[in-house]
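**Q** What follows is a single structure, and I will ask about it in a moment.
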Amino acid sequence: MGISQTPLKRSKELQPFSREHHHGLLLCWKIRKGITNGVEKERIKRYADYFYKTSLLPHFEDEEKYVFTILGNDHELVKKALAEHRRLTRLFLNEKDIARALSKIEEELEAHIRFEERILFHEIQLVATPAQLQWVDEHHQEIKACEDWDDEFWT
Ligand SMILES: [Fe+2]
Ligand SMILES: [Fe+2]
C-alpha cells in the first residue's frame, strides 16, 4: 500500500464520514492548542469526553457496522483500524493519567484519521459495489459536531 497513490475522489456515500473526520482533526487541534496554552487538563478533558460521547463513538460504531464490513474484519487494514478504535477508546476512558492520555489522543486520533482517509477508505472505495455504498448511504446519518461549547479553551 502506497501513500502516494493518486487521490480518488471520495464517493458521495462516504463523504459524511470524511466531514466527521474533519471534526475529529479539529478536536486534535483544540487539544493541542489547549495544551500549548497551558489550559487546565480537566477543562480539555471535559470537552474531549463530550466530543467522544456525542460524535466520535457513534462515528466509530457506524464505520464498524457499515464501512469496514465492505472489506471484512479479517482484512489487515480493517484489523488495524479496529485496534486503533479500541486503543483510542481506552485513552478517552482513561481517568488516571489525563495529561498523557490527552496528548496521546491528539497524536493518535490524527494518525488514525489520516490512515482512514488516505489508505483504508481508498481501498474500500476500490472494492465497494454500488449496492454496498447505497447501504452505507441509507444507514449513516452525518453526525453533526457540537458548535455550542461554552468553554472555548482553544481560543
Ligand atoms: Fe475510525
Ligand atoms: Fe473514521
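For every residue, the table says whether it meets (1) basic (Lys, Arg); (2) open to solvent by less than 10 Å² (accessible area, probe 1.4 Å); (3) more than 16 Å from ligand 2 (Cβ to nearest atom); (4) at pLDDT 95 or above.
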site: 23; (1), (2), (3), (4): no, no, no, yes
site: 26; (1), (2), (3), (4): no, no, no, yes
site: 30; (1), (2), (3), (4): yes, no, yes, yes
site: 33; (1), (2), (3), (4): yes, no, yes, yes
site: 41; (1), (2), (3), (4): yes, no, yes, yes
site: 51; (1), (2), (3), (4): no, no, no, yes
site: 57; (1), (2), (3), (4): no, no, no, yes
site: 63; (1), (2), (3), (4): no, yes, no, yes
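**Q** Just give me the residues in the range 25-69 being within 18 Å of the chain's Cα centre (by Cα) and either of a type in the set (Phe, Trp, Tyr) or not in a helix (DSSP H, G or I) (or both), in sequence order.
**A** Of everything in the range 25-69, those that are within 18 Å of the chain's Cα centre (by Cα) and either of a type in the set (Phe, Trp, Tyr) or not in a helix (DSSP H, G or I) (or both) turn out to be 29, 47, 50, 51, 52, 60, 66, 68.
**Q** Right, next: Evaluate the following for residue 109: is it within 12 Å of ligand 1 (Cβ to nearest atom) and of a type in the set (A, V, I, L, M, F, W, C)?
**A** yes
**Q** Additional query: Identify, by number, the condition in (1) open to solvent by less than 30 Å² (accessible area, probe 1.4 Å); (2) part of a helix (DSSP H, G or I) that residue 72 doesn't meet.
**A** (2)
**Q** Continuing with this model, one more query. Can you tell me which residues in the range 65-81 are within 13 Å of ligand 2 (Cβ to nearest atom) and of a type in the set (A, V, I, L, M, F, W, C)? Explain how you work it out, then say what you get.
**A** Pass one, the range 65-81, residues within 13 Å of ligand 2 (Cβ to nearest atom): 65-68, 77-78, 80-81.
67, 68, 77, 78, 81, listed by residue number.
**Q** Return the total of residues in the range 82-104 being closer than 17 Å to residue 58 by Cβ, among the hydrophobic types (A, V, I, L, M, F, W, C) and either open to solvent by less than 30 Å² (accessible area, probe 1.4 Å) or within 12 Å of ligand 2 (Cβ to nearest atom) (or both).
**A** Going residue by residue through the range 82-104, those that are closer than 17 Å to residue 58 by Cβ are 82, 84-86, 88-89, 92-93.
Filter again for among the hydrophobic types (A, V, I, L, M, F, W, C), leaving 82, 88, 92-93.
Imposing the further condition that a residue be either open to solvent by less than 30 Å² (accessible area, probe 1.4 Å) or within 12 Å of ligand 2 (Cβ to nearest atom) (or both) reduces the set to 82, 88, 92.
Residues meeting the conditions: 3.
**Q** Let me ask something else about it. Is at least one residue of the range 86-104 part of a helix (DSSP H, G or I), under 16 Å from the mean Cα position of the chain (by Cα) and under 16 Å from residue 14 (Cα atoms)?
**A** no
**Q** Looking for whichever is over 24 Å from residue 148 (Cα atoms) and aliphatic (A, V, I, L, M) here; the options are 67, 39. Which one fits? Walk me through it before giving the result.
**A** Working: 39 fails: over 24 Å from residue 148 (Cα atoms).
Matching residue, one of 67, 39: 67.
The values are calculated or read from the model by the stated rules, or taken from the named source; none is laboratory data. This is a predicted model, so every value here is computed, not measured. Note that we place each Cβ from the backbone using ideal geometry, even for glycine, and neighbour counts take in every protein chain shown. Accessible surface areas use protein heavy atoms only, side chains included; no ligands, DNA or RNA. Shrake-Rupley method; radii C 1.70, N 1.55, O 1.52, S 1.80 Å.
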